[in-house]
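The structure under discussion appears below in the form of structure tokens.
The values are calculated or read from the model by the stated rules, or taken from the named source; none is laboratory data. Just so it is clear, the structure is predicted and the values come from calculations on it, not from any experiment. Cβ: placed from backbone, ideal geometry, glycine included. Neighbour counts: every protein chain shown. For the accessible areas, the whole protein counts, side chains as well, though only heavy atoms, and no ligand, DNA or RNA atoms are used. Shrake-Rupley method; radii C 1.70, N 1.55, O 1.52, S 1.80 Å.
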Amino acid sequence: MKTVSLDGAVVPFAEGQTVMECALAANISIPHLCFLPGFLPHGSCRLCTVKIDGRLASACTQPAMAGQHVEIDTEELRQVRLSLLRMLFVEGNHYCPACEKSGSCRLQKAAYDEGMLDLHYRPWYPKRKMDASHPDVLIDRDRCIFCELCVKASRDVDGKNIFGISGRGIDTHLVVNSKSGLLADTDISAQDRAVEVCPVGAILVKGRGFEIPIGKRLYD
Amino acid sequence: MIRLATCSLAGCFGCHMSFLDMDEKFLGFVERVEFDRSPFTDIKSIGKCDIGLVEGGLCNEENLAVLKEFRENCAILVAVGACAINGGIPAMRNHFSMDECLAEAYLDGIGIENPQIPSDPELPVLLQKVCPVHEAVRIDYFLPGCPPPAGAFEVLLEALLKGEKPELPRKLIHYD
Amino acid sequence: MGSNPLQLLIAIQKAFNHVPDDAICRVASALGLPISRILGDVEFYSFLSREPLGTYSVLMSDSITDWMLGSRELFLRLCGNLGVSPGVTRCDGLATVGKTSCTGMCDQGPALLVNGIAVANLTDERIDAISRLMEKQIPPVAWPDEYFRVESNIRRRGWLFQDWQGPILEGEVLLQEMTDAGLRGRGGAGFPTAKKWASCRDAPGSERYVVCNADEGEPGTFKDRVLLQHCAGRLFEGMALCARTVGAKRGFLYVRGEYRYLEAHLEAQLAARRDADFEIELHWGAGAYICGEESALLESIEGKRGIPRVRPPFPVTFGLHGMPTVVDNVETFCAAAAIAAGGGSEFRSLGTAGSCGTKLLSVSGDCARPGIYEYSFGVSVSQILEDCGAGNVLAVQVGGAAGSCLDASEFGRKICFEDLPTSGSVMVFDRTRDMREAALNFSRFFAHESCGFCTPCRVGTGILAQAMERISEGRGTEEDITEIGDLGGILKASHCGLGQSANRAVRDMLRKFPEHFEGGVN
Ligand SMILES: Cc1cc2nc3c(=O)[nH]c(=O)nc-3n(C[C@H](O)[C@H](O)[C@H](O)COP(=O)(O)O)c2cc1C
Ligand code: SF4
Ligand code: SF4
Ligand code: SF4
């Protein structure tokens, strides 16, 4: 049986597995955001950055190889994760108290887990367009972290192909596949996997605001 | 005695309320701490302090002046609450231009009588953007939350009074 | 052009001075692609725009070497002459004046692109003359030819420029000869070329492709431009040899949009080829440095946004349309062709132990003779400085914005994979220069060219650029200086080489020339 070492623990893996997959199978946690089991790994958020034989790599995309020495929980990597989370917060507009996803948001939870208390960097306060055109589903682009989970879920699970990512660099943004560019002109439904899969409060079902009391939410 | 000052800049006093939520623990602190400038004391100018707690972000020039005074006078300065840390709800105005905001608030909004934009020279000049306090001065510690739970104030002050570095436990870290 | 979305969009941009929303929808439905794919292209490539641009669309080259030659003053002069604000189309629709990253004319700058075609050697007079031509609505084709003349400035010729005429080696014999000669990739990473070709040949796949990377976007590099001009035949030979070796029927030459002026020349050279078994297609870039990264380049040929792929799998097994693909630099293919024609043993005898043969260097900046220099690997920086006529040198930037900045104590270092690996950019700064300017220029470059895919680079390059902006305006803080250094650790977590090396040069400059930055910090 081929094995890798994850923070010293010797873990077996099957051919074709990534470092993330073999860690998950062994119940070893590697923080992640854009990775979700069942979807092709994306590798964009970089939160799952680990050190493999001295080099930084994203665990979700890196194939496990026999004899690899993987570091996860080191001070250096904690700093990297903290910085990445702060970057995700400053490039968007994350006013958690006013966000319906609060308490069930994976970005927020990841930041709690890493003990993020401040932004460190200066917030950018971007002005991205909101799309409230659809009766049941809403897009707040200010909270999007470009994980492309909605893109994949809509295309591959819902079979609707409603979302895409456009732009470049800091102008990267979520777009909708309709002539008007509006959600109202798509056949999205509040039950779509694409809606549910969004890790943050960027795609929300309308009329469900703050339904669950504080203390009872997913990550409370 | 440890001297402590507090202020609310562009905030809602919610953090101050949460501070008072320490209930009987607050009485314990009062025995060890002397309040300097603070809404609790109504002292209007700050003297040399050991600890300063700042609620709220920066939305006008007065906020900025107060913050700088706090930095100059406090050995340890703590940013308290979402607004101080990332601008919070007041920063949602950053999505709009100043003109749009003023027009909505004083000219075009629903139920406005005698529409006019206030121009009294006594009023502090608004900043173009609301911003968090760490953009203007060095901050020593951060207490997230909207507001931070009373328990978080407790952990912070207990540690600081003992001369230790505060370590917020995971369950006291939240942003809402 | 056919049904390739990117090439279609470039044609639409040319015809209408923008890509109207209606056209985006029509291209999408004609090609059976989602609208977001086409919109994604338009909003990704900087030579495409959704807003109508002027009849004359002018882009001033914004490389540090252009700055050193006065491009920023010329830019303002041009805007003033035409009465336009930067980036805003004049009300009468006559002109739009903006900026673009390095156009690869560093040895004859400042340069600009007018409707995509390069005009170099700009002076006040030339800017005024161009302004008048535009006001009179004279189309660029009727402008004086000399405006569009691009010099080759080949200052030093060696092995690569020799006319190798031996019997052509092919297949396994060629691979062995390339291995013996020690040929490594010239695009920067230095991967052994024969090994790459063999991996592609051995990978399973119903089709195979050969792709030449002529994206040449690294600021200060222009040697591929000169090779395309003078050695296109040799290049195509190299690609064809590769195709025969790996079993490919189709090839692509990916040329950066900035070199559009070479179109007629390249088309003619391609038409002159007679090889029924291997067809080469031209594919134009549209203003995106990241498309020089090989997997982003493949995405771009597939008509997508230039986002680097997850690697592995590498292009040799999973390349264009998922098929085994060789991607090599222009110089690499030219060298392979020369080795096939008998140049192998001499190649082997040149250079250092780990870096055989010669390297074309693009030398620009403060020197008397900027241009192309071919040296054997192992040449010292001081030798280059002497040959190009550089005096009173403060710093040399080797490897472009992603490379290293050397101070005078390091001019003994050598160009080779073991010491200073480079795709060939050598920029010289003399003692009158403020390195803060270079740091500002490079940090802006990365923020502008980051593809935006991964967090550390998308946000980190922005933070870096903002810190440098403040320092340049004298509003910087000690924290900004610390931040620039600290960002390196996070940028290393980036998905591709762009982000990973984005703070290297700036960090070098801060460390080696701290006095240049003092004025920026209060
Ligand atoms: C950001 C980035 C930009 C690059 N730009 C170029 C380029 O313009 N030309 C080039 O040949 N290689 C470029 N490369 C390197 C290519 O990815 C690839 O290694 C090269 O084309 C392989 O060819 P070679 O083996 O012949 O060098 C770039 C790499 C990165 C990460
Ligand atoms: S998306 Fe998450 S992190 Fe962002 S505001 Fe909402 S709860 Fe907070
Ligand atoms: S909208 Fe949500 S799921 Fe879609 S890319 Fe943004 S963060 Fe990811
Ligand atoms: S490092 Fe930069 S250029 Fe490379 S994938 Fe990430 S965002 Fe894109």
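Data for the structure
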{"read-out": "Count - residues of the stretch A:37-56 that are part of a loop (DSSP other than H, G, I, E, B) and open to solvent by 30 Å² or more (accessible area, probe 1.4 Å)", "value": "6"}
{"read-out": "Among the candidates C:F318, C:F314, residue that is within 16 Å of ligand 4 (Cβ to nearest atom), modelled with pLDDT of 95 or more and within 14 Å of another protein chain (Cβ to nearest Cβ)", "value": "C:F314"}
{"read-out": "Helices (runs of 4 or more DSSP H) lying entirely in the stretch B:1-110 (those with 2 or more residues that are hydrophobic (A, V, I, L, M, F, W, C) and buried (at least 21 other Cβ atoms within 10 Å of the Cβ))", "value": "B:14-20, B:61-73, B:81-86"}
{"read-out": "Any helices (runs of 4 or more DSSP H) falling wholly within the stretch C:20-118 and containing at least 2 residues that are within 14 Å of chain A (Cβ to nearest Cβ)", "value": "C:21-31, C:35-44"}
{"read-out": "One residue from C:N153, C:N121 being closer than 26 Å to C:V398 by Cβ and open to solvent by 50 Å² or more (accessible area, probe 1.4 Å)", "value": "C:N121"}
{"read-out": "The stretch A:76-105, subset polar (S, T, N, Q) and open to solvent by 30 Å² or more (accessible area, probe 1.4 Å), residue farthest from the other protein chains (Cβ to nearest Cβ)", "value": "A:S104"}
{"read-out": "From C:E207, C:E216, residue being open to solvent by less than 20 Å² (accessible area, probe 1.4 Å), outside any helix (DSSP H, G or I) and assigned by TED's automatic domain parsing to the domain that holds C:C334", "value": "C:E216"}
{"read-out": "Flag for A:I145 being at pLDDT 95 or above, touching a Pro at 6+ places or on another chain (Cβ under 8 Å) and of a type in the set (V, I, T)", "value": "yes"}
{"read-out": "Every residue from the stretch A:188-220 that is assigned to a loop (DSSP other than H, G, I, E, B), among the basic types (K, R) and more than 14 Å from every other protein chain (Cβ to nearest Cβ)", "value": "A:K206, A:R208"}
{"read-out": "Pick from the stretch A:145-158, criterion away from chain C (no Cβ under 12 Å) and surrounded by fewer than 22 Cβ atoms within 10 Å (Cβ to Cβ), ranking: nearest to ligand 1 (Cβ to nearest atom)", "value": "A:K152"}
{"read-out": "Residues of the stretch A:131-161 satisfying the condition of being touching a helix residue (DSSP H, G or I) at 6+ places or on another chain (Cβ under 7 Å), more than 10 Å from ligand 3 (Cβ to nearest atom) and either more than 24 Å from A:R208 (Cα to Cα) or not acidic (D, E) (or both)", "value": "A:S133, A:H134, A:V137, A:V157, A:K160, A:N161"}
{"read-out": "Where C:L297 falls short, out of the listed (1) more than 16 Å from ligand 4 (Cβ to nearest atom); (2) under 27 Å from C:C102 (Cα atoms)", "value": "(1)"}
{"read-out": "Failed condition for A:D73, given (1) of a type outside the set (G, A, S); (2) more than 9 Å from every other protein chain (Cβ to nearest Cβ); (3) assigned to a loop (DSSP other than H, G, I, E, B); (4) open to solvent by less than 40 Å² (accessible area, probe 1.4 Å)", "value": "(4)"}
{"read-out": "Filter result (buried (at least 22 other Cβ atoms within 10 Å of the Cβ), within 22 Å of the chain's Cα centre (by Cα), away from ligand 3 (no atom under 16 Å from the Cβ) and at the interface with another protein chain (Cβ under 10 Å from one of its Cβ atoms)) within the stretch C:427-459", "value": "C:F446, C:A447, C:E449, C:S450, C:C457"}
{"read-out": "The lone exception for A:Q108 - which of (1) buried (at least 24 other Cβ atoms within 10 Å of the Cβ); (2) within 13 Å of chain C (Cβ to nearest Cβ) it fails", "value": "(2)"}
{"read-out": "Residue within the stretch C:352-367 that is more than 23 Å from C:L183 (Cα to Cα) and without any contact (Cβ under 8 Å) to a residue 24 or more places away in the chain present", "value": "no"}
{"read-out": "Exclusive hit being surrounded by 12 or more Cβ atoms within 10 Å (Cβ to Cβ) and in a strand (DSSP E or B), set B:V130, B:V137", "value": "B:V130"}
{"read-out": "Only listed residue being closer than 22 Å to B:L143 by Cβ and either in the same structural domain as A:C150 (by TED's automatic domain parsing) or of a type outside the set (D, E, K, R) (or both), chosen from A:C60, A:C105", "value": "A:C105"}
{"read-out": "Odd one out for C:A401 among (1) assigned by TED's automatic domain parsing to the domain that holds C:I490; (2) within 17 Å of the chain's Cα centre (by Cα)", "value": "(1)"}
